[in-house]
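Undergrad: Here it is: the structure, laid out below.
The values are calculated or read from the model by the stated rules, or taken from the named source; none is laboratory data. Note that the structure is a prediction, hence the values are computed from the model and not measured. Don't worry about glycine lacking a Cβ; one is built from the backbone with ideal geometry, like all the others, and counts go over all protein chains shown. For accessibility, only protein heavy atoms count, side chains too; no ligands or nucleic acids. Shrake-Rupley method; radii C 1.70, N 1.55, O 1.52, S 1.80 Å.
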Amino acid sequence: MSAAIAASGLVGYAFFPAPTGNAAPALTGGLFLLAAGGSVFNQVLERDTDALMERTRNRPLPAGRISPRASAVWGTALLTAGTAALGVGLPPAVAALGLLGIGIYLGLYTPLKRRTPLALLAGALCGALPPLMGWLVAGGHPSDHPILLLCGLLYLWQIPHFLQRAWTDREDLRGAGMANLFDHLPPERVRRLILLWCLALSATTLQFPAFALLEQRGPFLAALIGAVGLAAYSAWNWRCADREAPPPSAAPLHFFLLLMMTSLAVNGMLSRLP
């Protein structure tokens, strides 16, 4: 997860038309350390529930291989190093956004997960911030339309992704007392929600070529194919949403995100070639 967060920040940096300086290493290193520190503290806070879930019971804390105190020390060191990397030589707003993301993740998303399935709406904010941080490091402004569109795309992608995970882990989540939308709504309604979020994601993606944010032919076609393919996939699965079947596979969503993030980064790099 830490590597994915660092990579998304790098995409925001590469997507900017003309990055200033060479701050990509500090950005990616700082994001990786900050995300790793947040993950450590999340596991400290959730060690009791992790012990109740098949997927997480073998993590170091619930398995007893490390103490909460040692984990907290290690997490503090990672957060400090990450904040320092983002705070030295980079715009002050970058480190502030990083700490804001950690605050939302640990102070809002983590405690809300046991209370409401809507916690994922707050958690998705954390995943949408790294590209904005990369954009600021490159010299952009937080109100620039292209980066708001990219952050919106990442936010929209996380909702159906986590809902699909909630279906896969539903028994584990129920046993650990975690809130799950599948325990509050009929499965067919949640499946339709997943497909609606996918359609919104497809519509957002079409704005990149529509607003001429992808000047290069390859990335332009890739975004177009990704958006149309995701819409077609959602429409195809809509017809069986009322049946006794699991939600659509997460594989197309993963492929879509990889395609889009690669396209945006490649477009930015090719645009700067003479």
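Undergrad: So which residue, out of 175, 226, 37, gets the largest mean-square fluctuation from a GNM of the chain using Cα contacts under 10 Å as springs?
TA: Most flexible of the set in this elastic network: 175.
Undergrad: Taking the Cα atoms of the chain alone, what are Rg (to one decimal) and Dmax (as a whole number) in Å?
TA: Both quantities, over Cα of the chain: 19.4, 58 Å.
Undergrad: Hey, could you grab the Kirkwood Rh for the range 1-141? Inverse mean 1/r over distinct alpha carbon pairs, Å, one decimal. Please list the in-between numbers first.
TA: Numbers: mean 1/r = 0.0642 Å⁻¹.
Every distinct Cα pair counted, the radius reaches 15.6 Å.
Undergrad: Further question on the same structure: Once Lys and Arg get +1 and Asp and Glu get -1 on their Cβ, which of 43, 103, 32 lies farthest toward the positive end of the dipole of the chain?
TA: Toward the positive end, the furthest listed residue is 43.
Undergrad: Hey, another quick one. Averaged per residue, what accessible surface does the chain expose to a 1.4 Å probe, in Å²?
TA: Computed with neighbouring chains in place, this is 47 Å² per residue.
Undergrad: Separate question: What percentage of the solvent-accessible surface of the range 143-273, computed with a 1.4 Å probe over protein heavy atoms, is contributed by carbon and sulfur atoms?
TA: Result for the range 143-273: 67 percent of the exposed heavy-atom area is carbon or sulfur.
Undergrad: Which number comes out as Rg/Rh for the range 143-273 once both Rg and the Kirkwood Rh are worked out on C-alpha atoms? Could the numbers behind the result be given before it?
TA: Working: Rg = 16.5 Å, Rh = 15.8 Å.
Ratio of gyration radius to Kirkwood radius: 1.05.
Undergrad: If you don't mind, there's one more thing I want to ask. What is the percent carbon and sulfur in the accessible area of the range 1-73, measuring with a 1.4 Å probe over the protein chains and ignoring ligands?
TA: 61 percent
Undergrad: Go ahead and set up a Gaussian network model of the chain, Cα springs under 10 Å, then flag whichever of 32, 256, 211 fluctuates most.
TA: Fluctuation is largest for 211.
Undergrad: Rounded to the nearest 500, what is the 222 nm mean residue ellipticity of the chain from helices alone, with -39500 (n - 2.57) per DSSP H run of 4+ residues and division by all residues?
TA: Working: 11 runs with 190 residues, N = 274.
Mean residue ellipticity at 222 nm (helix-derived): -23500 deg cm²/dmol.
Undergrad: Another question, then. If Lys and Arg each add +1 and Asp and Glu each add -1, what is the summed charge of the other residues whose beta carbon sits under 13 Å from the beta carbon of residue 169?
TA: Values: positive: 55, 57, 113, 165, 170, 174; negative: 50, 54, 171, 172, 183.
Net of charged neighbours comes to +1.
Undergrad: Another one. Which distance in nm do the two modelled labels at residue 215 and residue 188 give, with both placed 7 Å along the Cα-to-Cβ direction?
TA: 5.1 nm
Undergrad: Build a GNM of the chain with springs between Cα atoms under 10 Å: which of 137, 73, 11 gets the top mean-square fluctuation?
TA: Highest fluctuation of the listed residues: 73.
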